[in-house]
Amino acid sequence: MQITLESVEKVMELTGVGYEAAKEALVKADGDVDEAVKLISPEEKNDDKIKETIEKLKEKVKEGNVDKILISKDGETVLKIPVNVGIIGGIIGVAAAPWAFIAATLATIGFGCRIEIVKKDGTTDEII
């Protein structure tokens with residue numbers, strides 16, 4: 001059983017999971033890339049995508065100038081979070097930071113959704 005960096009990267013590319021999940025699947029599949037891809041569950045793929053999306057959102061908020069986060073599906077807004085309200089709520093303990101709500105929404109509605117950052121000047125950046 002030989003697991004190379006190239007095979008780990010191939011599994012990561014084909015499934016969208018992180019390094020650890022790809023390597024673990026390859027170990028279970030005795031280094032067979034195709035078998036490793038089959039072993040990775042759809043839930044694992046979605047979990048990594050959700051984590052990656054949340055990290056992108058956090059980076060955008062840290063950059064500043066973000067007014068709110070919009071999550072929509074099929075043209076209908078599912079969740080609208082004013083960034084300052086979510087952060088203040090997280091600080092005083094009334095609610096978790098907006099990331100928990102966003103992750104829950106993504107997990108519930110899947111990835112047929114669109115996430116946008118609305119800046120203070122009214123412009124938007126699409127995350128996914």
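The values are calculated or read from the model by the stated rules, or taken from the named source; none is laboratory data. Keep in mind it's a predicted model, so treat the numbers as computed, not measured. Cβ atoms come from the backbone with ideal geometry, glycine included; neighbour counts cover every protein chain shown.
Brief remarks on what is shown
- Among the candidates 35, 24, the residue that is at pLDDT 80 or above, surrounded by fewer than 15 Cβ atoms within 10 Å (Cβ to Cβ) and not in a strand (DSSP E or B) is uniquely 35.
- Of the strands (runs of 3 or more DSSP E) lying entirely inside region 52-128, those containing at least 3 residues that are over 17 Å from the mean Cα position of the chain (by Cα), at pLDDT 70 or above and not assigned by TED's automatic domain parsing to the domain that holds residue 18 are 66-73, 76-82.
- Boolean, residue 67 is in contact (Cβ under 8 Å) with a residue 40 or more places away in the chain, among the acidic types (Asp, Glu) and under 26 Å from residue 113 (Cα atoms): yes
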